[in-house]
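Report on one structure; see the data block that follows.
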Amino acid sequence: MKVSVSVGLMNFVGCWFGAMPCCHGAGGLAGQYRFGGRSGASVVFLGLAKLVLALVFGNSFGRILGQFPIGILGVLLLFAGIELAMASRDMNSKQESFVMFVCAAVSLTGSSSALGFIVGIVLYLLLKFRELDCGACFGSTRKVKDEEASLIG
């Protein structure tokens, strides 16, 4: 119940900000995209297939899935992960890609997506602060230094 409520809230709130549909395992959507599911119809067919399998096999389907080779699942997850990592090509700058990879690394090593999110926000803000021209606050500006350099040279 808690999982379905949190997924519903994520999608309901996220849609107003232009977010893609998400769940607690975004690799599923990336995997579907990677293996050809490019339209909303692919999700409908997947849902129908799961419904038919549940109705035909019932509780015994869990035992059937237990026999699924882990190696094949690992390969499928690898391709889904590669598809998620390809999001870096959509970044506007190397800084944005760096923030994304640091956020992912902290989330994976710290086993907390909240920690990765916080570190990503802080890193992004630090990089944006570095770009600001705060030289007037400290008594010098880059513009003044550039003008001095042009006068000398």
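The values are calculated or read from the model by the stated rules, or taken from the named source; none is laboratory data. Note that the coordinates shown come from a computational prediction; the quantities given were computed from them, not determined experimentally. Positions of Cβ are backbone-derived with ideal geometry, glycine not excepted, and every protein chain shown enters the neighbour counts.
When I64, I72 are screened for being touching a helix residue (DSSP H, G or I) at 6+ places or on another chain (Cβ under 9 Å) and either on the phi < 0 side of the Ramachandran plot or polar (S, T, N, Q) (or both), only I64 passes.
Considered as a group, the residues in segment 83-135 that are assigned to a helix (DSSP H, G or I) and among the acidic types (D, E) include one that is surrounded by the most Cβ atoms within 10 Å (Cβ to Cβ), and that residue is E83.
Please verify whether segment 31-40 includes one or more residues that are out of contact with any Leu (no Cβ under 6 Å at 6 or more places or on another chain), at pLDDT below 75, assigned to a helix (DSSP H, G or I) and among the hydroxyl-bearing types (S, T, Y). For segment 31-40, residues out of contact with any Leu (no Cβ under 6 Å at 6 or more places or on another chain), at pLDDT below 75, assigned to a helix (DSSP H, G or I) and among the hydroxyl-bearing types (S, T, Y): present. Within segment 79-104, being closer than 17 Å to G37 by Cβ and of a type in the set (D, E) holds for one residue alone: E83.
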